[in-house]
1. Using the structure shown, decide if residue 169 is modelled with pLDDT under 95, closer than 24 Å to residue 183 by Cβ and of a type in the set (A, V, I, L, M, F, W, C).
2. Restricting the stretch 170-188 to residues that are in a loop (DSSP other than H, G, I, E, B) and free of Cβ contacts under 8 Å to residues at least 24 places away in the same chain, which is least open to solvent (accessible area, probe 1.4 Å)?
3. Given the stretch 64-156, what strands (runs of 3 or more DSSP E) lie entirely inside it while holding 2 or more residues that are in contact (Cβ under 8 Å) with a residue 60 or more places away in the chain, small (Gly, Ala, Ser) and open to solvent by less than 60 Å² (accessible area, probe 1.4 Å)?
4. Can you name every residue in the stretch 96-114 that is modelled with pLDDT of 95 or more and closer than 10 Å to residue 62 by Cβ?
5. Return only the number of the condition from (1) assigned to a loop (DSSP other than H, G, I, E, B); (2) modelled with pLDDT under 95 that residue 243 does not satisfy.
6. How do the pairs read when you match residues in the stretch 231-249 that are polar (S, T, N, Q) with residues anywhere that are open to solvent by 90 Å² or more (accessible area, probe 1.4 Å), using Cβ under 7 Å and keeping only pairs 6 or more apart or on different chains?
7. Output the residues belonging to the stretch 205-215 that are touching a residue at least 12 places away in the same chain (Cβ under 8 Å) and surrounded by fewer than 19 Cβ atoms within 10 Å (Cβ to Cβ).
8. Restricting the search to the stretch 195-215, which residues are within 13 Å of residue 279 (Cβ to Cβ) and either within 15 Å of the chain's Cα centre (by Cα) or part of a strand (DSSP E or B) (or both)?
Amino acid sequence: MKISLRRMLRLASQGCLLLFLCFGLFVTSSSAPSVLAATRVSVIQSVTQDAIPQLKMSALPTPTTVQEFAKATLNKLAAEAPFTAWKDAGIEYYPLGPGTHSWLVNVMKGEQRIGYMIISATDTGGYMLSEYGAGTYGLPYSLNDLRQFLVQKGLITSSFSGKIKLTALYAPLLPVWKITIDEKTVYINASVPQILPWTLSKAEEVLKEQPPVTDVITNLNPDVLPLSAFNSGGSDDPYEDILWLTAPKLTTVSGDNIALLIRPKDSIAYQAAGRNDLVGAPFMITGYQSWQPSHGQSENNKLTVYAASGPEGKRYLPLTALQNNGTLHKLPDRTTKALGYNR
């Protein structure tokens, strides 16, 4: 077969062009990941890198009675799900203001936090379990969450060189950050980060309140044991279906009936109308853990209940304290009608 000289030249030029395009595509694909990786690292570093050494909490000596109560409570919880990973875990203590009436107790596996408790002094001279929870993320007083929030809100940058003063505080049912940046002070919800609309005088008023000592675990009644916690897997977003706002409040929710109200895939909404910022509401309750008297205490079988609250139900809060400070609501269904909770 004969091929003309013109056609041979045309085929040769097309081959060169194809080779050039392939080489260019190879160079581009080889260099692109490096460029993208460099960009990705710089974004992550701007949020999570420890470029602000002042943003930290300091552990301080803790009263022996607090340590004894914390260790005893940890050991009890470690016997039941979802706290079984707490067995043989370490403990770190951090004072919470104002006036060091509460302590953040971080439960540690090596360098990783796997849970927390908050222990508060009572006006009767004892100590109470204000709240607790398990997990490696989404827990109160997370410095990583705080740093990311401050960057996202533009309050600091990764190259910030000003003055920062950070104080961890605790109000009943609400962990709080007080942060002063270049003489500007803001208060931030330390559970689900958001700026609280508080003035200095408002903060002082809220933070001076003492947590109620009703239906909570204390060091003065050690003969109680936790049962396995229940999590319904229901919605943990109070804004997913806001029809709960039209539902009447649930009255007298206790260990006797909470299992009927929170069944698999069910949840209860919590709010404190007109004062949601004081308790970090609204949020959903998607489970609970009951504490019962140990053997030999059968004459008092009343259950003490902590409600699994907030995102993924990670914060266990005293159910009675929640009802004393706000209201519980559930979308009308057969369960609420049977219990007489509908209008």
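1. Against the criterion (modelled with pLDDT under 95, closer than 24 Å to residue 183 by Cβ and of a type in the set (A, V, I, L, M, F, W, C)), residue 169 does not qualify.
2. My answer is 182.
3. By residue number, 127-134.
4. Across the stretch 96-114, the qualifying residues are 103, 105.
5. Residue 243 satisfies all of (1) assigned to a loop (DSSP other than H, G, I, E, B); (2) modelled with pLDDT under 95 except (1).
6. So the pair list comes out as 232/263; 232/264; 232/265.
7. Hits for the stretch 205-215 are 208, 209, 210, 212, 213, 214.
8. 196
The values are calculated or read from the model by the stated rules, or taken from the named source; none is laboratory data. Just so it is clear, the model here is predicted, and its values are computed rather than measured. For neighbour counting, all protein chains shown are included, and Cβ atoms are generated from backbone atoms with ideal geometry for every residue, glycine included. Keep in mind that these areas ignore ligands, DNA and RNA; they rest on the heavy atoms of the full protein, side chains included. Shrake-Rupley method; radii C 1.70, N 1.55, O 1.52, S 1.80 Å.
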